[in-house]
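Asks: Structure incoming, see below.
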Amino acid sequence: MSEITLFCPINAAPGKGAALKAALLTLAAATRKEAGNLCYRLHETDDPDEFLIYEQWRDSAALDFHMRTPHLTAFLADEAGLLAAQPAGKFAREIK
């Protein structure tokens, strides 16, 4: 099974960027400790309410595990008020 790359744009509700950034930093720290995580980078744009997560996973099983972890499910439930919309990642395949 091949590695999985995911680009996930995250938009904060207006004026909630600072709070969302803090929550994303906590999420990133926990996610980086997962065995199947190869890369988890959090980016911010010039807009304080826009973020982008670049993720790489060992395989689909590792990503499936991540989607069920307590830190991600808690983030999606507890921080929903900080989000403009539910995050929707885009899968990408490397071009060789």
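Asks: Using helices alone, I'd like the mean residue ellipticity at 222 nm for the chain: each DSSP H run of four-plus residues gives -39500 (n - 2.57), total over residue count, nearest 500.
Replies: One gets -10000 deg cm²/dmol as the mean residue ellipticity at 222 nm.
Asks: With helices defined as uninterrupted DSSP H runs, which ones in the chain have an alpha carbon span along their own long axis of at least 15 Å and mean Kyte-Doolittle hydropathy of at least 1.0? Show your work: numbers first, answer last.
Replies: Working: long enough: 17-31 (20 Å, 1.47).
Qualifying helices, which must be both long enough and hydrophobic enough, are 17-31.
Asks: Any idea what the alpha-carbon Rg over 2.2 N^0.38 Å comes to for the chain? Provide the component values of the computation, followed by the final result.
Replies: Numbers: Rg = 13.2 Å, N = 96, 2.2 N^0.38 = 12.5 Å.
Normalised Rg, Cα atoms only: 1.06.
Asks: Over the chain, calculate the relative contact order: mean separation of alpha carbon pairs under 8 Å at least 6 apart, over the residue count, as a percent. Don't skip to the answer; put the middle values down first.
Replies: Numbers: 162 pairs, mean separation 43.0, N = 96.
Relative contact order here is 45 percent.
Asks: A follow-up question, please. Over the chain, give the accessible area per residue in Å² for a 1.4 Å probe, as an integer. All intermediate terms of the calculation are to be shown ahead of the outcome.
Replies: Numbers: 6050 Å² over 96 residues.
With all protein chains present, the chain gives 63 Å² per residue.
Asks: Counting only protein heavy atoms, what percent of the accessible surface of the chain is carbon or sulfur at a 1.4 Å probe? Walk me through the numbers before you get to the answer.
Replies: On the way: 3390 of 6050 Å².
Whole-percent figure for carbon plus sulfur exposure: 56.
Asks: Need the full-extension length gain, ALA77 to THR26, defined as separation in residues times 0.36 nm minus the C-alpha distance. One decimal, nm.
Replies: Additional length available on full extension: 16.9 nm.
Asks: Just grab the label-to-label distance for ALA85 and GLU50, each label 7 Å out from Cα along the Cβ direction, in nm (one decimal).
Replies: 1.4 nm
Asks: Could you compute the net charge surrounding ASP64? Neighbours are other residues with a C-beta less than 15 Å from the C-beta of ASP64; K and R count +1, D and E count -1.
Replies: Overall, the nearby charge balance is -2.
Asks: Output wanted: per-residue J couplings in Hz (rounded whole) for segment 33-47, from phi through Karplus 6.51 cos²θ - 1.76 cosθ + 1.60, θ = phi - 60°, x for Gly and Pro.
Replies: With the stated coefficients, segment 33-47 comes to 7, 5, 4, x, 7, 9, 7, 8, 10, 9, 10, 10, 9, 5, 7 Hz.
The values are calculated or read from the model by the stated rules, or taken from the named source; none is laboratory data. Predicted model only: the values in this text are computed from it and were never measured. Glycine also receives a Cβ, built like all others from the backbone with ideal geometry; neighbour counts cover every protein chain displayed. For the accessible areas, the whole protein counts, side chains as well, though only heavy atoms, and no ligand, DNA or RNA atoms are used. Shrake-Rupley method; radii C 1.70, N 1.55, O 1.52, S 1.80 Å.
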